[in-house]
Amino acid sequence: MSTVDMLLYEKECWEQAYCRIAGVDEVGRGCLFGDVIAAAVILPEGLIIEGVDDSKKLSAKKRDALYELILEQALAVGIGQVDSNVIDDINIKQASRLAMKIAIEGLSDQPDYILVDAEKVDIPLPQRAIIKGDANSQSIAAASIVAKVTRDRLCEGAWEELYPDYGIAIHKGYATKLHREQITSLGPTPMHRRSFLGRILAEQQTLF
């Protein structure tokens, strides 16, 4: 049984009279394809949602169920998306930060404090970067679940329909063997991150 107090960081904020705490996280940072997506989630003070944890540790079914619960109970949820062209232009670290900023700015209720998963967001609000935040803060874990489910649904829906030959619904844009093989045989789509494809494209050149 986990002994992590998932509200430890939130409690410290509440004790300092901050009441609207936004947890912020992103997903898709290591993908070869598609947008990097961030979410910002403000949960009511003192609320505990059982089972909320780092989205990577949860099954898809569990994530979907928690996603619905989070949307029902959150005071506000914001989503930020940054596409592959921008990722190539400004690099993935800056693109992740930008997605987080867009997610925070998209909140219907402005936060007074931000808890971020191991990043600094370019926004003039008090904030704290927490290493492995998605495993140590309920707010950040909730954001990681919302971001992951949002991105997975795009992979399984709109993006899969756009590029049905690449297996996007299966690998979600990560560098699996299938994905690398499809890029090598079919070439990259406009949604592939050129800055991530150096070696794969170099291999492709030697094939022709």
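When we screen I183, I114, I170 for residues that are among the β-branched types (V, I, T) and within 15 Å of G80 (Cβ to Cβ), the only hit is I114. Looking at I87, is it of a type in the set (A, V, I, L, M, F, W, C), within 23 Å of T189 (Cβ to Cβ) and in contact with a helix residue (DSSP H, G or I) (Cβ under 6 Å, 6 or more places away or on another chain)? Yes.
Yes/no matrix, rows are residues, columns are (1) among the β-branched types (V, I, T); (2) modelled with pLDDT under 95; (3) surrounded by 24 or more Cβ atoms within 10 Å (Cβ to Cβ):
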position	(1), (2), (3)
I37	yes, no, yes
K56	no, yes, no
S84	no, no, yes
A95	no, no, yes
P126	no, no, no
I130	yes, no, no
N136	no, no, no
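If only one of S137, S144 is of a type in the set (S, T, Y) and farther than 22 Å from A95 by Cβ, which one is it?
On the way: S144 fails: farther than 22 Å from A95 by Cβ.
Just one listed residue meets the conditions, S137.
For the range 177-185, the condition of being open to solvent by less than 50 Å² (accessible area, probe 1.4 Å) and closer than 16 Å to A22 by Cα holds for none of the residues.
Here is a check on your reading of the model: is D112 out of contact with any helix residue (DSSP H, G or I) (no Cβ under 7 Å at 6 or more places or on another chain) and either at pLDDT below 95 or open to solvent by 60 Å² or more (accessible area, probe 1.4 Å) (or both)?
Details: out of contact with any helix residue (DSSP H, G or I) (no Cβ under 7 Å at 6 or more places or on another chain): yes; either at pLDDT below 95 or open to solvent by 60 Å² or more (accessible area, probe 1.4 Å) (or both): no.
So D112 fails the test.
Tally the residues that are open to solvent by less than 10 Å² (accessible area, probe 1.4 Å) and not β-branched (V, I, T), restricting the search to the range 97-109. Full working, then the answer.
In the first step, residues of the range 97-109 are kept if they are open to solvent by less than 10 Å² (accessible area, probe 1.4 Å); the result is 99-100, 103-104.
Okay, now just the ones that are also not β-branched (V, I, T), so 99-100, 103.
Residues meeting the conditions: 3.
In this structure, L71 qualifies as out of contact with any Pro (no Cβ under 9 Å at 6 or more places or on another chain), aliphatic (A, V, I, L, M) and over 14 Å from R193 (Cβ atoms).
Among the residues in the range 72-84, are any touching a residue at least 24 places away in the same chain (Cβ under 8 Å), of a type in the set (A, V, I, L, M) and over 20 Å from D117 (Cβ atoms)? Step through it out loud before you land on a result.
Restricting attention to the range 72-84, the residues satisfying the condition of being touching a residue at least 24 places away in the same chain (Cβ under 8 Å) are 73-84.
Checking the rest, the ones that are also of a type in the set (A, V, I, L, M) come to 74-77, 79, 82.
Now narrow it down to the ones that are over 20 Å from D117 (Cβ atoms): none.
No, every residue in the range 72-84 fails to be touching a residue at least 24 places away in the same chain (Cβ under 8 Å), of a type in the set (A, V, I, L, M) and over 20 Å from D117 (Cβ atoms).
Sort through L71, L66 and tell me the only one that's more than 12 Å from D25 (Cα to Cα), assigned to a helix (DSSP H, G or I) and either basic (K, R) or open to solvent by less than 10 Å² (accessible area, probe 1.4 Å) (or both). Even if it seems obvious, please write down each step before you answer.
On the way: L71 fails: either basic (K, R) or open to solvent by less than 10 Å² (accessible area, probe 1.4 Å) (or both).
It is L66.
Residue-by-condition table, conditions (1) under 14 Å from E26 (Cβ atoms); (2) open to solvent by 70 Å² or more (accessible area, probe 1.4 Å):
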position: I123; (1), (2): no, no
position: G133; (1), (2): yes, no
position: I140; (1), (2): yes, no
position: V146; (1), (2): yes, no
position: R153; (1), (2): no, yes
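In the range 14-40, the residues that are free of Cβ contacts under 8 Å to residues at least 40 places away in the same chain reach residues that are open to solvent by less than 10 Å² (accessible area, probe 1.4 Å) and in a strand (DSSP E or B) with C-beta atoms within less than 8 angstrom, at least six apart or across chains, in these pairs: W14/I21.
The values are calculated or read from the model by the stated rules, or taken from the named source; none is laboratory data. Note that the structure is predicted; figures quoted are calculated from it, not measured. With ideal geometry, Cβ positions are generated from the backbone for all residues, glycine too; neighbour counts draw on all protein chains shown. Remember, those area values only see protein heavy atoms, side chains included, never the ligands or the DNA or RNA. Shrake-Rupley method; radii C 1.70, N 1.55, O 1.52, S 1.80 Å.
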